[in-house]
Structures are given as C-alpha cells and as structure tokens.
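Asks: The structure that follows is given in the form of structure tokens.
What follows draws every value from the coordinates through simple rules; no lab data is involved. As the structure is a prediction and not an experimental result, all values here were calculated from the model. For neighbour counting, all protein chains shown are included, and Cβ atoms are generated from backbone atoms with ideal geometry for every residue, glycine included.
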Amino acid sequence: MSVKVGIIMGSQSDWPTMKPAAEILDELGVAYETRIVSAHRTPDRLWDYGKTAVDRGLQVIIAGAGGAAHLPGMMASKTRIPVVGVPVETRALKGVDSLYSILQMPRGYPVATMAIGGGMNAGLMAAQMLATTDATLAKRLDAWREALTASIPEEPSDD
Ligand code: RP5
C-alpha cells in the first residue's frame, strides 16, 4: 500500500497531539508516514520534504506545530499538496499562538486549519479528501460515521 499521507510535526513533544491522526488513519486503512520536521531547527529537512512530496506520491500532508507554528504554512509554500494544519496546545498561551500562526496564511497559500489539539480530525480530514477518489475508503468512512452516530445516546446518564 503506497504512502499517501505525511504526518509531520515540529518536535517529538508534538507526538501525543498528532498520534490520534495516525490512529484514525490506521483504523480506516490509510497508509501514512510520520516525520519530525521543524521549520526552525531542521529547515533543510522541511525544504527537502516539501520538494520531494509530489514525486513520492503523497496526496495530503498533516502538519502539527506549537508556539511560533510555522511548519504547516512553510510546507504549504513549498508544495501544492494540501496541508492540514494542527495547532498544538502550548503551556504559556494554551495554543492560541499556534492557532493564529497556522491560520493567518497569506492569499495564495492556504492551510486547512484544525482546532487546537485537533489531531484526530486532521486524520479524518485527510481520509475524507482521499475518499473523493477512493470508493473503498469512502465506504469505510461512511461506516465509521454511522457507527459514531449510533454511539450517541439520546439522553444523558450519571454513569
Ligand atoms: C515547535 O515548538 C514544536 O512544534 C513544538 O510544539 C514546540 C516546542 O518544541 P520542544 O521545545 O518541545 O521541542 O517548534
């Protein structure tokens, strides 16, 4: 199964936020890779990743970062592959800094920005994008969504 989704993050410390993206892709049977790519600490790695992404067959990149979260935006500047951004929650500013850093992209270079800590939704968003041209994945996604709906009780309980 060829790798279609790249999950990248600025630091090892971002992994707990990004792991749910990997887990939902596992559940949906979507092949992915995970890499630590820092806009500030490993800029050459960022450049190489963005430069080779199309040729390597990636179709979506999920990029998570915290604080001065430049990774998703810089990756979007380097490749036309859609970038789904995940603002990582920070201690000092609760991730609002990450959110604004990722969200406020200049015209021409969008990043599809998730909620603060939205790793799982980023994985789902990537799967939904791929499902537009993959009928088998679309069926799995439909079933996953139906199961979620069925799991929601009609009334609250004390348990
Ligand atoms: C960002 O700085 C990373 O994305 C991470 O969220 C934040 C802190 O990194 P560490 O100091 O924990 O490595 O580049």
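Asks: So in segment 12-43, with the set limited to residues that are under 24 Å from SER77 (Cβ atoms) and among the aliphatic types (A, V, I, L, M), which one is farthest from the ligand (Cβ to nearest atom)?
Replies: Only one residue tops the list, namely ALA21.
Asks: The conditions are (1) part of a loop (DSSP other than H, G, I, E, B); (2) hydroxyl-bearing (Ser, Thr, Tyr); (3) surrounded by 15 or more Cβ atoms within 10 Å (Cβ to Cβ), and SER98 fails exactly one of them. Which is it?
Replies: All conditions are met except number (1).
Asks: Can you report the number of residues in segment 36-55 which are closer than 29 Å to ALA135 by Cβ and in contact with a helix residue (DSSP H, G or I) (Cβ under 9 Å, 6 or more places away or on another chain)?
Replies: As a first pass, look at segment 36-55 and keep what is closer than 29 Å to ALA135 by Cβ: 52-55.
Applying the additional criterion that residues be in contact with a helix residue (DSSP H, G or I) (Cβ under 9 Å, 6 or more places away or on another chain) yields 53.
Qualifying residue count, segment 36-55: 1.
Asks: While we're looking at this one, here's another question. Which condition from (1) more than 15 Å from GLY119 (Cβ to Cβ); (2) within 16 Å of the ligand (Cβ to nearest atom) is the one that GLY64 breaks?
Replies: (1)
Asks: Could you tell me which of the residues ALA69, ALA53, ALA22 is closer than 20 Å to LYS94 by Cα and in contact with a Gly (Cβ under 8 Å, 6 or more places away or on another chain)? Even if it seems obvious, please write down each step before you answer.
Replies: On the way: ALA53 fails: closer than 20 Å to LYS94 by Cα; ALA22 fails: closer than 20 Å to LYS94 by Cα.
ALA69 is the lone residue from the list that is closer than 20 Å to LYS94 by Cα and in contact with a Gly (Cβ under 8 Å, 6 or more places away or on another chain).
Asks: Can you tell me which residue within segment 44-61, out of those that are buried (at least 19 other Cβ atoms within 10 Å of the Cβ) and within 16 Å of the ligand (Cβ to nearest atom), is nearest to ALA126 (Cα to Cα)?
Replies: Checking each candidate, the answer is ILE61.
Asks: Related question: Which one of these does LYS94 not meet: (1) under 11 Å from the mean Cα position of the chain (by Cα); (2) within 16 Å of the ligand (Cβ to nearest atom); (3) not aliphatic (A, V, I, L, M)?
Replies: (1)
Asks: Would you confirm whether or not segment 70-77 contains a residue that is hydrophobic (A, V, I, L, M, F, W, C), away from the ligand (no atom under 15 Å from the Cβ), buried (at least 18 other Cβ atoms within 10 Å of the Cβ) and within 20 Å of LEU103 (Cβ to Cβ)? Talk me through it step by step, then tell me what you get.
Replies: Narrowing segment 70-77 to residues hydrophobic (A, V, I, L, M, F, W, C): 71, 74-76.
Of the ones still in play, those that are also away from the ligand (no atom under 15 Å from the Cβ) are 76.
Going one step further and asking which of them are buried (at least 18 other Cβ atoms within 10 Å of the Cβ), we end up with 76.
After this cut, where a residue has to be within 20 Å of LEU103 (Cβ to Cβ) as well, the list is 76.
Checking segment 70-77: at least one residue is hydrophobic (A, V, I, L, M, F, W, C), away from the ligand (no atom under 15 Å from the Cβ), buried (at least 18 other Cβ atoms within 10 Å of the Cβ) and within 20 Å of LEU103 (Cβ to Cβ).
Asks: Give the number of residues within segment 1-41 that are closer than 15 Å to LEU58 by Cβ, buried (at least 18 other Cβ atoms within 10 Å of the Cβ) and among the hydroxyl-bearing types (Ser, Thr, Tyr).
Replies: Total satisfying the criteria: 1.
Asks: Under 7 Å by Cβ, and 6 or more places apart or on different chains, what pairs join a residue from segment 38-58 that is closer than 15 Å to LEU71 by Cβ and without any contact (Cβ under 8 Å) to a residue 12 or more places away in the chain with one that is within 16 Å of the ligand (Cβ to nearest atom) and acidic (Asp, Glu)?
Replies: Once the first residue is closer than 15 Å to LEU71 by Cβ and without any contact (Cβ under 8 Å) to a residue 12 or more places away in the chain and sits in segment 38-58, no partner that is within 16 Å of the ligand (Cβ to nearest atom) and acidic (Asp, Glu) comes close enough.
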